[in-house]
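Chemist: Here's a structure for you.
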Amino acid sequence: MFLGPTIKQIRTSKGINQSILADGIMSRSNLSRFEGGKYYPGYDKLILLLDKLELSLEELLFLHNDYAQPVKRTLHLSLVEAANRYEFDKVRAFSYECHSLYRVTHTEAYYHLYLLGQGYLIRYQREDEVRHLSEIAGEIKPYLLGVDRWYLYEFKLLNNFLFTLSSSDAIFFGLRAANEFDKYHDFAESRTIQQHLMKNISTLCLKEHNYEQSLFFLKKALPLADKTNLLYDKIETLVYYEITLLCLKHKESIAELMSYLNILRQLEFTDSYEALQQVCQMHLPKFSEELRSKLG
């Protein structure tokens, strides 16, 4: 993959000459050869060039591929979108495509995407080549257990496959994820992934009426929601937090819970607002009449 011509395009568009970009990294002549596709610098020098251009490697590859996502990323997004739209023929087709790519490339991520597609089909009673979620969990759990150190891929993988795991397995892996996240404390790009994972595990615990564990993961999710500055994620997490505190009898008033639900309604997150009302009714029956009268 010759990235030099793309570096040249970015450099010239920013009005930076070769001498300035090369200074302190490599000779101007080597930069010229790199941009002409006749020389490839070491990875350390490429990173220094990108730092001076205020560019990440991921963005460079995106630009190099004519503003196209990598194939794995595109397939993942397409798979999730098809599932969200209940387009099960497309889910099946994307799942098969991922399996074919796995057989050709032996890249495990393609096999995981195949399993994800099969999991979506099982979830919506459209079983295909894989018949039970436990079979998928049986593939994902050994992978997660076999990795000595988790990276962002493993965090994303756990989040994607939570629905295939038992609550006890989700809690087990969630606790490991919480410990592994400490290494990513200063890596801003990981915060949204962390926040979603902690929140999703907490809601799974909530469904099982495991309120203590739900509170543990929510306490991990809330500070991350502050750092990501994503208003919806923060409010949704706070709703679950308030429900959990009320279930544990750490609170007696639903005032704050209602204020957060009203914010969702005012911001017109209608589907989430209605879904969270149902969660309230399930876990807080003693407050159901008060919630109905005040929320309408």
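Chemist: Considering only residues that are open to solvent by 50 Å² or more (accessible area, probe 1.4 Å) and either part of a helix (DSSP H, G or I) or in contact (Cβ under 8 Å) with a residue 24 or more places away in the chain (or both), which ones fall in region 144-160?
Modeler: Leu145, Gly146, Arg149, Tyr153, Lys156
Chemist: Another question, then. Can you find even one residue in region 237-244 that is more than 12 Å from Phe287 (Cβ to Cβ) and charged (D, E, K, R)?
Modeler: Among the residues of region 237-244, not one is more than 12 Å from Phe287 (Cβ to Cβ) and charged (D, E, K, R), which makes the answer no.
Chemist: Report, by residue number, each residue of region 29-46 that is of a type outside the set (Ser, Thr, Tyr) and exposed (fewer than 14 other Cβ atoms within 10 Å of the Cβ).
Modeler: Passing the criteria: Gly36, Gly37, Lys38, Gly42, Asp44.
Residue-wise test of (1) hydrophobic (A, V, I, L, M, F, W, C); (2) within 30 Å of Ile16 (Cα to Cα).
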| residue | (1), (2) |
| --- | --- |
| Glu54 | no, yes |
| Val71 | yes, no |
| Leu75 | yes, no |
| Ala83 | yes, no |
| Tyr96 | no, no |
| His99 | no, no |
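Chemist: Please go through (1) surrounded by fewer than 12 Cβ atoms within 10 Å (Cβ to Cβ); (2) in contact (Cβ under 8 Å) with a residue 24 or more places away in the chain for Gly15 and return the number of the only condition it doesn't satisfy.
Modeler: That leaves (2) as the condition not met.
Chemist: Mind checking which residues of region 52-73 are open to solvent by 40 Å² or more (accessible area, probe 1.4 Å) and modelled with pLDDT of 90 or more?
Modeler: Hits for region 52-73 are Lys52, Glu54.
Chemist: Evaluate the following for Ala170: is it aliphatic (A, V, I, L, M) and under 13 Å from Lys220 (Cα atoms)?
Modeler: no
Chemist: Out of curiosity, is Phe163 assigned to a helix (DSSP H, G or I), surrounded by fewer than 21 Cβ atoms within 10 Å (Cβ to Cβ) and touching a Gly at 6+ places or on another chain (Cβ under 9 Å)?
Modeler: Here the answer is yes, as Phe163 does meet what is asked.
Chemist: When only residues in region 243-296 that are open to solvent by less than 60 Å² (accessible area, probe 1.4 Å) and in a loop (DSSP other than H, G, I, E, B) count, which is nearest to Ser214 (Cα to Cα)?
Modeler: Checking each candidate, the answer is Leu248.
Chemist: Please specify each residue of region 190-210 satisfying the condition of being in a helix (DSSP H, G or I) and open to solvent by 40 Å² or more (accessible area, probe 1.4 Å).
Modeler: Arg191, Thr192, His196, Asn200, Lys207
Chemist: Sticking with this one: Would it be correct to say that Ser134 is among the polar types (S, T, N, Q), at pLDDT 95 or above and either loosely packed, with under 15 Cβ neighbours inside 10 Å or outside any helix (DSSP H, G or I) (or both)?
Modeler: yes
Chemist: So, one more: Return the only residue of Glu242, Glu268, Glu212, Glu256 being within 23 Å of Ala177 (Cα to Cα), more than 16 Å from the chain's Cα centre (by Cα) and among the acidic types (Asp, Glu).
Modeler: Matching residue, one of Glu242, Glu268, Glu212, Glu256: Glu212.
Chemist: Name the helices (runs of 4 or more DSSP H) wholly inside region 1-105 in which the number of residues that are more than 32 Å from the chain's Cα centre (by Cα) and of a type outside the set (Gly, Ala, Ser) is 2 or more.
Modeler: 4-13, 18-22, 28-35
Chemist: Hey, another quick one. Can you go through Asp186, Asp182 and tell me which one is assigned to a helix (DSSP H, G or I), surrounded by fewer than 21 Cβ atoms within 10 Å (Cβ to Cβ) and without any contact (Cβ under 8 Å) to a residue 12 or more places away in the chain?
Modeler: None of the other options fit; the residue is Asp182.
Chemist: From the residues in region 227-242 that are in a helix (DSSP H, G or I) and among the polar types (S, T, N, Q), which one is surrounded by the most Cβ atoms within 10 Å (Cβ to Cβ)?
Modeler: So, considering only residues that are in a helix (DSSP H, G or I) and among the polar types (S, T, N, Q), the one surrounded by the most Cβ atoms within 10 Å (Cβ to Cβ) is Thr237.
Chemist: Under the condition of being touching a residue at least 24 places away in the same chain (Cβ under 8 Å) and basic (Lys, Arg), which residue from region 100-127 is nearest to Leu144 (Cα to Cα)?
Modeler: Result: Arg123.
The values are calculated or read from the model by the stated rules, or taken from the named source; none is laboratory data. Treat the numbers as computed from the prediction; the structure is a model and nothing was measured. Because the Cβ atoms are built from the backbone with ideal geometry, glycine has one as well, and the counts that use them run over all protein chains shown. In case anyone asks, the SASA skips ligands and DNA or RNA and just uses the protein heavy atoms, side chains included. Shrake-Rupley method; radii C 1.70, N 1.55, O 1.52, S 1.80 Å.
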